[in-house]
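Below you'll find the structure, written out as structure tokens, and then a few comments.
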Amino acid sequence: MIPPTRQNPVLRFAPSPNGLLHLGHALSALLNADMAAALGGRLLLRMEDIDVTRCTPEFEHAIYEDLAWLGLDWERPVRRQSEHFDDYRRALETLIARGLAYPAFLTRGEVKARVAAAEADGRSWPRDPDGAPHYPADERDLSDAERRCRIDAGTRHAWRLDMRRAMKEYAEALFWMETGDGETGEIAADPAAWGDVVLWRSDAPSSYHLSVTVDDAGQGITHVVRGLDLFHATSVHRLLQHLLDLPASVYHHHRLILGPDGRKLSKSEGDTGLAVLRGQGLTSADIRRLVGL
């Protein structure tokens with residue numbers, strides 16, 4: 001169980017309404033509710049609908065139905081990321097003004113080609129904890145004049161964190177307090193392992209890293225309960241909290257529900273969908289048993 005903080009504990013379940021909830025979501029939602037109750041705290045619900053093309057009101061309504069069927073309740077109103085783009089833009093502009101973010105013009109295909117060429121030549125290419133290649137480091141060294149010229153010409157671009165500069169912004173090592181199903185205690189953050197992460201996408205407002213950091217601070221989240229697949233990403237969130245002068249949370253990264261292939265569940269796997277299981281006559285108590293609670 002996660003320890004209380006000095007302030008009133010606040011937890012959140014934050015699904016993306018771009019598909020139907022499955023057993024993995026049920027585990028996370030139920031853990032958040034159970035821990036909020038045990039701590040005498042509050043449970044909030046957040047719709048992470050940054051991707052306005054894939055997220056729909058129909059999926060959001062289905063999430064409400066599934067959570068209510070599980071027996072959960074949450075405070076209203078529900079926070080929707082699509083209603084807070086200005087908050088994320090202000091955070092980005094703070095980082096830009098401090099020289100900690102830069103426009104990145106290479107497409108995914110161009111980055112992929114660079115990586116392939118380097119590796120074909122026998123050179124290694126750094127990759128983040130998820131296995132994705134780092135953005136080419138030399139791209140952060142474009143002159144301000146060149147960047148402005150490209151932007152004025154309408155060249156599509158994202159905004160990335162200049163990790164090299166950001167790592168110089170603090171004198172002491174960063175840590176977070178972890179109480180989950182893997183490593184526990186004080187965990188040393190290693191944001192540099194992620195390279196120059198995206199802060200603002202060219203095809204969508206903001207990015208997961210920036211929006212979730214701003215959201216957790218804005219909602220006063222004291223305890224973040226989420227899957228182990230986001231354990232290493234916490235390093236980036238701790239760095240952004242430091243750079244934006246935002247409070248840190250206690251983190252609890254829980255085990256994942258895996259499919260027959262040993263991989264975490266996907267929203268495309270209908271047989272683990274909560275609506276499907278409900279239609280088969282299962283109860284909320286059955287779901288708790290299936291996810292090991």
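What follows is calculated from the coordinates using simple rules that are stated; it is not laboratory data. Treat the numbers as computed from the prediction; the structure is a model and nothing was measured. Cβ: placed from backbone, ideal geometry, glycine included. Neighbour counts: every protein chain shown.
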Report P(r) for the chain: all Cα-Cα distances, bin width 5 Å, range 0 to the bin holding the largest distance, values in whole percent.
1, 5, 11, 14, 17, 16, 14, 10, 6, 4, 2, 0, 0
The distance between the Cα centres of the range 138-160 and the range 7-29, in whole Å, is 37
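How do the peptides 34-47, 106-119, 198-211, 250-263 rank, highest first, by the average count of neighbouring beta carbon atoms within 10 Å per residue?
Values: 34-47: 18.1, 106-119: 13.1, 198-211: 20.0, 250-263: 15.4.
Packing proxy ranking, top to bottom: 198-211, 34-47, 250-263, 106-119.
Using the Cα gyration tensor of the range 159-202, with a ≥ b ≥ c the square roots of its eigenvalues, what is the shape: rounded (a/c below 1.5), prolate (a/b larger than b/c) or oblate (neither)? Could you put the intermediate results ahead of the total?
Working: a/c = 3.35, a/b = 1.62, b/c = 2.06.
Oblate, since a/c reaches 1.5 and b/c is not below a/b.
Per the Cauchy relation, a quarter of the hull surface: what is the mean projected area of the convex hull of the alpha carbons in the range 132-215, in nm²?
Numbers: hull surface 30.5 nm².
The orientation-averaged projected area of the Cα hull of the range 132-215 comes to 7.6 nm².
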Just to confirm the number: angle between the C-alpha axis of helix 23-39 and the first principal axis of the chain, 0 to 90 degrees, nearest 10?
80
For the range 95-136, the Cα-Cα pair-distance distribution in 10 Å bins from 0, as whole percents, is 25, 44, 25, 6
Cα extents of the range 50-132 along the principal axes, largest first, in whole Å, come to 56, 33, 23
In degrees between 0 and 90, to the nearest 10, how far off the longest principal axis of the chain does helix 85-97 point, with axes built from Cα atoms?
30
With 0.36 nm assigned to each residue of separation and the Cα-Cα distance removed, LEU256 to ASP181 gains 26.0 nm
Any idea which of PRO103, PRO77, LEU92 is furthest toward the positive side of the dipole for the range 72-115, if Lys and Arg beta-carbons carry +1 and Asp and Glu beta-carbons -1?
PRO103
Mind putting together the pair-distance distribution for the range 86-234? All Cα pairs, 10 Å bins, whole percent per bin, short to long.
9, 35, 36, 17, 3
Using the Cα centre of the chain as origin and beta-carbon charges of +1 (Lys, Arg) and -1 (Asp, Glu), tell me which of ILE151, HIS254, ILE50 is placed farthest towards the positive end of the dipole.
ILE151
What's the magnitude of the charge dipole for the chain around its Cα centre, counting Lys and Arg as +1 and Asp and Glu as -1 at the beta-carbon? Answer in Debye, nearest 20.
120
Label-point separation (nm) for LYS168 and SER143, each offset 7 Å from Cα along Cα-to-Cβ?
2.0
What is the distance, in nm, between label points placed 7 Å from the Cα along the Cα-to-Cβ direction at ARG89 and at ARG76?
3.0
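Relative contact order of the chain, please, whole-number percent, based on alpha carbon pairs below 8 angstrom and at least 6 residues apart. Provide the component values of the computation, followed by the final result.
Values: 437 pairs, mean separation 74.1, N = 293.
The value is 25 percent.
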Based on Cβ point charges of +1 for Lys and Arg and -1 for Asp and Glu, what charge dipole magnitude is obtained for the range 198-281 about its Cα centre, in debye rounded to the nearest 20?
160
